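Below you will find the structure I want to go over with you.
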Amino acid sequence: MVATESLAGHYLRWGGPQRKDVLHGAVIFPVGAELLSRAAVGPVRQNGGKTFCMGLSFFLWAQHDFNGRQFALCGKTVGALRRNLLTELVPQLRRIGMEVTENRSAGTLTVPFGGHTNRYLIFGGRDESSAALIQGSTLAGVLLDEAALMPRSFVEQAVARCSVAGSRLWFNCNPENPQHWFYREWILRARERR
């Protein structure tokens, strides 16, 4: 099995300090005992590579820590998630040895790597009705790209779906103002959620 640390270190050679922060210095804290989850909130500088680095970190973590589990990759829309994350990330995952197979009609990625095979469900959190799409899934983790652009109901449903022991929540976002629900509920209350 390939060591996660050495893979992350390999890709840091071309990444800037912002990418290094996400891969090695993300703020990780418990979300709640009932969920047995942990969340990683990366730096919020725009155009700093946070989406790519969080995506790479998410896949390395998931493939290292779990086998036979489901995860969710969420964007404002499925198209936005493909553009912002998957277009750049999937070729790099393949470059490090992950066999990424996409079933576009089912909205899934299947990834065998290091003796573990996991499935990644792709969701768009465009409006209030999107919460119904993720409902019923049992997840070992979720990555929400641009979480502040998604409706609160969708984000809360994604959080509730992470019921597997050791699951983590991964967010990146740029809340538009200090009154935004995500800023108030997640960023300002980060210490309470430990």
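I'm told R38 meets every condition in (1) loosely packed, with under 15 Cβ neighbours inside 10 Å; (2) modelled with pLDDT under 50; (3) under 25 Å from V159 (Cβ atoms); (4) of a type in the set (D, E, K, R) except one. Can you identify the failing condition by its number?
The number of the failed condition is (1).
Only one residue in S57, S130 is among the polar types (S, T, N, Q), within 16 Å of R168 (Cβ to Cβ) and either open to solvent by less than 20 Å² (accessible area, probe 1.4 Å) or at pLDDT below 90 (or both), so which one is that? Can you show your working first?
Working: S130 fails: within 16 Å of R168 (Cβ to Cβ).
S57 is the lone residue from the list that is among the polar types (S, T, N, Q), within 16 Å of R168 (Cβ to Cβ) and either open to solvent by less than 20 Å² (accessible area, probe 1.4 Å) or at pLDDT below 90 (or both).
Here is a follow-up. Could you pull out the residue among E146, E128 that is touching a strand residue (DSSP E or B) at 6+ places or on another chain (Cβ under 9 Å) and either among the hydrophobic types (A, V, I, L, M, F, W, C) or over 15 Å from L60 (Cα atoms) (or both)?
Numbers: E128 fails: touching a strand residue (DSSP E or B) at 6+ places or on another chain (Cβ under 9 Å).
None of the others qualify; the one that does is E146.
Mind listing whichever residues of the range 84-102 are in contact with a strand residue (DSSP E or B) (Cβ under 9 Å, 6 or more places away or on another chain) and under 17 Å from T51 (Cα atoms)? Spell out the reasoning first.
First, the residues of the range 84-102 that are in contact with a strand residue (DSSP E or B) (Cβ under 9 Å, 6 or more places away or on another chain): 84-86, 90, 93, 96-102.
Those that are in contact with a strand residue (DSSP E or B) (Cβ under 9 Å, 6 or more places away or on another chain) and under 17 Å from T51 (Cα atoms): N84, L85, L86, V90, L93.
Specify the residue that is least open to solvent (accessible area, probe 1.4 Å); the eligible residues are those in the range 112-127 that are outside any strand (DSSP E or B) and over 9 Å from F154 (Cα atoms). Steps first, please.
The first filter runs over the range 112-127 and keeps only residues outside any strand (DSSP E or B), leaving 114-115, 125-127.
With the extra rule that they be over 9 Å from F154 (Cα atoms), the set shrinks to 114-115.
Details: G114: 31, G115: 74 Å².
By that ranking, first place goes to G114.
Just to be sure, is S105 more than 16 Å from the chain's Cα centre (by Cα) and either open to solvent by less than 70 Å² (accessible area, probe 1.4 Å) or charged (D, E, K, R) (or both)?
Values: more than 16 Å from the chain's Cα centre (by Cα): yes; either open to solvent by less than 70 Å² (accessible area, probe 1.4 Å) or charged (D, E, K, R) (or both): no.
In short, no.
Quick check: anything in the range 62-71 outside any loop (DSSP other than H, G, I, E, B) and open to solvent by 60 Å² or more (accessible area, probe 1.4 Å)? Give the derivation first.
Restricting attention to the range 62-71, the residues satisfying the condition of being outside any loop (DSSP other than H, G, I, E, B) are 62-65, 70-71.
Okay, now just the ones that are also open to solvent by 60 Å² or more (accessible area, probe 1.4 Å), so 64-65.
Yes, the range 62-71 has at least one match.
Separate question: Out of all the residues in the range 133-156, which are more than 20 Å from M54 (Cβ to Cβ), open to solvent by less than 60 Å² (accessible area, probe 1.4 Å) and outside any loop (DSSP other than H, G, I, E, B)?
S153
Kindly indicate whether any position in the range 72-86 is part of a loop (DSSP other than H, G, I, E, B) and modelled with pLDDT under 90. Spell out the reasoning first.
First, pick out the residues of the range 72-86 that are part of a loop (DSSP other than H, G, I, E, B): 76-77.
Retained after the next criterion (residues that are modelled with pLDDT under 90): none.
No, the conditions are met nowhere in the range 72-86.
Check off (1) without any contact (Cβ under 8 Å) to a residue 40 or more places away in the chain; (2) under 16 Å from the mean Cα position of the chain (by Cα); (3) farther than 16 Å from V159 by Cβ for L85 and give me the number that stays unchecked.
(1)
Among the residues of the range 97-129, count how many are closer than 24 Å to M150 by Cα, hydroxyl-bearing (S, T, Y) and in contact with a Ser or Thr (Cβ under 8 Å, 6 or more places away or on another chain).
The total comes to 1.
List every residue pair whose Cβ atoms sit under 7 Å apart, with the two residues 6 or more apart in sequence or on different chains, where the first one lies in the range 103-117 and is on the phi > 0 side of the Ramachandran plot and the second, anywhere, is in a strand (DSSP E or B).
The qualifying pairs are G107/L121; G107/I122.
Which of the residues belonging to the range 114-167 are hydroxyl-bearing (S, T, Y) and more than 27 Å from E99 (Cα to Cα)? Write out each step before concluding.
Going through the range 114-167, the residues hydroxyl-bearing (S, T, Y) turn out to be 117, 120, 129-130, 137-138, 153, 163, 167.
Answer for the range 114-167, where residues must be hydroxyl-bearing (S, T, Y) and more than 27 Å from E99 (Cα to Cα): S129, S130, S153.
The values are calculated or read from the model by the stated rules, or taken from the named source; none is laboratory data. This is a predicted model, so every value here is computed, not measured. Using ideal geometry, Cβ is built from the backbone for each residue, glycine included, and neighbour counts are taken over all protein chains shown. Just so you know, the surface numbers come from the protein's heavy atoms only, side chains and all, with ligands and any DNA or RNA stripped out. Shrake-Rupley method; radii C 1.70, N 1.55, O 1.52, S 1.80 Å.
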